[in-house]
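Take a look at the structure below.
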Amino acid sequence: MPRTAVITGITGQDGSYLAELLLGKGYTVHGLMRRSSSFNTERIDHIYEDPQTPGRRLVLHHVDLSDGVALVNLLRDVRPDEVYNLGAQSHVRVSFDAPLYTGDVTGLGALRLLEAIRAGGVETRLYQASSSEMFGSTPPPQNETTPFHPRSPYGCAKVMAYWATVNYREAYGMHAVNGILFNHESPRRGETFVTRKITRAVARIRAGLQEHLYLGNLDAVRDWGYAPEYVEAMWRMLQRDEPDDYVVATGVAATVRDFLDAAFGAVGLDWERHVRHDPKYERPTEVDALIGDASKAQKLLDWSPEVRYDELARIMVEADVAQLEAELSGRRVRVDR
Ligand code: NDP
Ligand code: GDR
């Protein structure tokens, strides 16, 4: 039987890659998106099927994670086999400016979804997009047994969603899993996350359109992986008979400086000539070091990453250079990169 999945956050980086993966496996995909006054479907335009397409397998719905009733109605109608909760206010720095909104969408949004599944009696498997930000100030390496110490409203909201997912599994026998994913990036990464901010600037500096790039803390250590590989891990988690929680990471540590080296180096530039400091990009409380131990995922999901941060930087720089060149020559470009 062809399977049906619901993806919240389908218009985001991960949602777009996951939708491609599931469509490729023959699923019908129902994508939930929030209403926006301007187009917010750029990442999925290349797989969009209009409502008149016979037998279409990608269906979009306007459902906001703040609207519990809309979630109940949608799940009752669609009755999916799998639900992937990727929707969130996902920017850590922004969560300090919008703590209540972040708590509502990123934290309570997950609970609304769990409750909609439970109250609607929907037999489904649920993936919750948990985050390495939950570990916060607990030193690396971090795995599934590492205590949480979140350092932002975003991290706190994700901890709440994590435990709600565990609780619904234990209380109601729900097949609900947490994927604790470390940072993962791609050419579709949002433009204000540090990797993409850097690779876009590299393309513009190379083209002579920009001289300086303003950044915050360059000492932070992250474990950066490649988003298309990480959505495969999400899917594998839901195929296991027993629901469980898994860390997904490369295990390779790099500072923001290291990423700058790799990204500027990819086009023969020296980042130290271009990068300036702006305290505006620092956080009231920083997460100094995240380095994941994904040995459980490797063993039980047979999942292991191939792309490390330096190759990732090269992939992203090449995509941003190509996109800028296309824009400058007046061509329209697809986001299918
Ligand atoms: P993005 O920020 O790219 O995507 C987030 C998605 O959530 C977008 O589709 C966004 O819509 C949607 N969204 C935001 N607010 C609402 C709302 N009120 N109602 C419904 N949808 C909403 O994130 P990523 O794709 O990078 O990440 C996917 C998930 O994984 C997120 O939950 C994130 O917190 C988590 N995560 C991400 C990691 C990473 O390194 N990328 C690591 C660990 C966890 P719109 O397009 O309109 O903005
Ligand atoms: P992060 O990603 O906070 O780890 O959350 P981000 O790319 O925003 O920051 C990574 C590190 O870079 C430092 N930094 C800057 N960050 C941004 N955005 N802009 C800057 O100018 C800048 N200068 C330095 C930050 O201080 C930080 O240490 C991401 C998100 O995708 C979350 O949703 C996800 O849960 C986690 O990764 C895992």
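What follows draws every value from the coordinates through simple rules; no lab data is involved. Because the structure is a prediction, the values reported are computed rather than measured. Virtual Cβ from ideal backbone geometry, glycine too; neighbours counted across all protein chains shown.
Numbers below:
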read-out: Nearest-0.05 FRET efficiency for His212 and Thr255, computed from C-beta distance (R0 22 Å); value: 0.65
read-out: Compactness of region 87-163, expressed as Rg and Dmax over alpha-carbon positions, Å; value: 13.3, 41
read-out: Assigned charges on the beta-carbon of Lys, Arg, Asp, Glu; the chain dipole about Cα centre (debye); value: 620 debye
read-out: Convex hull of region 1-159 built on C-alpha atoms - directionally averaged projected area, nm²; value: 10.7 nm²
read-out: Calculated FRET efficiency for the pair Arg240/Glu327, C-beta based, R₀ 41 Å, to 0.05; value: 0.40
read-out: Inter-probe distance in nm under a simple model that places probes 7 Å from Cα toward Cβ, at Glu311 and Val94; value: 3.1 nm
read-out: Alpha-carbon Rg/Rh ratio, for the chain, with Rh computed the Kirkwood way; value: 0.96
read-out: Positive-pole candidate from Gly68, Tyr27, Gln142, dipole of region 1-142, charges at beta carbon; value: Tyr27
read-out: Label point distance in nm, Ala171-Glu318, each placed 7 Å from Cα along Cα→Cβ; value: 4.9 nm
read-out: The chain: calculated mean residue ellipticity at 222 nm from DSSP helix runs of at least 4, using -39500 (n - 2.57); value: -11500 deg cm²/dmol
